[in-house]
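What follows is one structure encoded as structure tokens, with my remarks underneath.
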Amino acid sequence: MKKPLFFGACTALVTPFLHGQVNLPMLKILLHRQEDAGIPAVVLFGTTGESPTLTDEEKHWILTEARACFRGMLIAGTGSNDTAHAVTLSRQAEQDGADALLVVSPYYNKANEEGLIRHYRTIAQSVQIPVILYNVPSRTGVDIPVSVYRKLAEVPNIAGVKETVSDMKKLVEIADTCPEDFTVWCGSDELTAAYLALGAKGVISVASNVMPEEVSDLTDAGLDGDFDTALSLQIGLRPLNEFLFCEVNPIPVKALLKEMGLDCGSCRLPLTSLSEAHRGEMKSLLQ
């Protein structure tokens, strides 16, 4: 039986820039901050890490630097809507020291069930390390059906899924029809407690860039079955979670980190800076 790769809070880390280039010294600061907070795993160059605007060479630099300074689990985002490119990225990440891969479903192409199965199976069979599926229909235009999860759960190194949907019925169906060792991790910060109540083993979080201890406390409470505490913490994090998605991620989280003294630079185009309409909200949140 496959064991969950991690329990609790995993941070989908931002990619810091300085004058348009990857800021490796700031990357080390961010990683040490996560480690000091007890975060067991981080995702590098996922959605929050602006993977679409990073070059393959930059991803190599980021992972190599992270491997040299972070003792926890490093999960590399290696998804693409080109299966062959995703295989190349996945093999490179494995060589660079990634412990696991986070692979988003093919965006824009809108693959059918057979295409999704073959896409993920091809990637997983090209590496030896575990693969986490990433279902984010708001970004990709496709909601991976549970029938695909059931098929992919048969692949030895497919560990589970980062799921973002708000339909709790889907989580119940996964628990009912997928193998017990097919792990679900929450991909929506505002629903972490609910996901944990329905069997998820943790969260891959944007909010833990800002408040890693609090997100970790929430997941620990949920995993311990203390849902009164988990709900209280979820409610306490509500203003932060609402702000972090008031504009396209990672625009708000980068703006907030800068206000906290962790200047990670602006997002790369086509993403821009936080609009003036939301800067007042950010100031209130910090106060």
Per DSSP, loop trypsin sites (Lys or Arg not before Pro) in region 1-88 with at most 15 further Cβ within 10 Å: R71
When the chain is treated as a GNM, springs tying every alpha-carbon pair under 10 Å, which of Q125, Q234, Q21 comes out with the largest mean-square fluctuation? Q21
Per DSSP, loop GluC sites (Glu not before Pro) in region 81-174 with at most 12 further Cβ within 10 Å: E154
For region 143-227, take the alpha-carbon Rg, divide it by the Kirkwood Rh, and send me Rg/Rh. 0.98
Taking every DSSP beta bridge that has both residues in the chain, what percent is antiparallel when rounded to the nearest 5? 5
Please compute the Kirkwood hydrodynamic radius of region 92-162 from all pairs of different C-alpha atoms, in Å with one decimal. 12.3
Helix-derived mean residue ellipticity, 222 nm - over the chain, DSSP H n ≥ 4, -39500 (n - 2.57), to 500: -13000 deg cm²/dmol
So what does log10 I(q)/I(0) come out to for the chain at q = 0.16 Å⁻¹, using the Debye formula with one equal point on every Cα and no solvent? -1.33
With the calculation restricted to Cα positions, what are the radius of gyration and Dmax of region 1-142 in angstrom? 14.7, 47
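How big is region 38-87 by the Kirkwood estimate over distinct Cα pairs, in Å?
11.6
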As a test of reading the structure, rank W61, W185 by solvent-accessible area (1.4 Å probe, protein chains only), most first. W61, W185
So, in region 166-287, how many Lys pairs have Cα atoms under 24 Å apart, if the pair is 8 or more places apart or on different chains? 4
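The values are calculated or read from the model by the stated rules, or taken from the named source; none is laboratory data. As the structure is a computational prediction, the values presented were derived from the model and not from experiment. Using ideal geometry, Cβ is built from the backbone for each residue, glycine included, and neighbour counts are taken over all protein chains shown. Ligands, DNA and RNA are stripped out before the accessible areas are found, and what is left, the full protein with its side chains, is counted by its heavy atoms. Shrake-Rupley method; radii C 1.70, N 1.55, O 1.52, S 1.80 Å.
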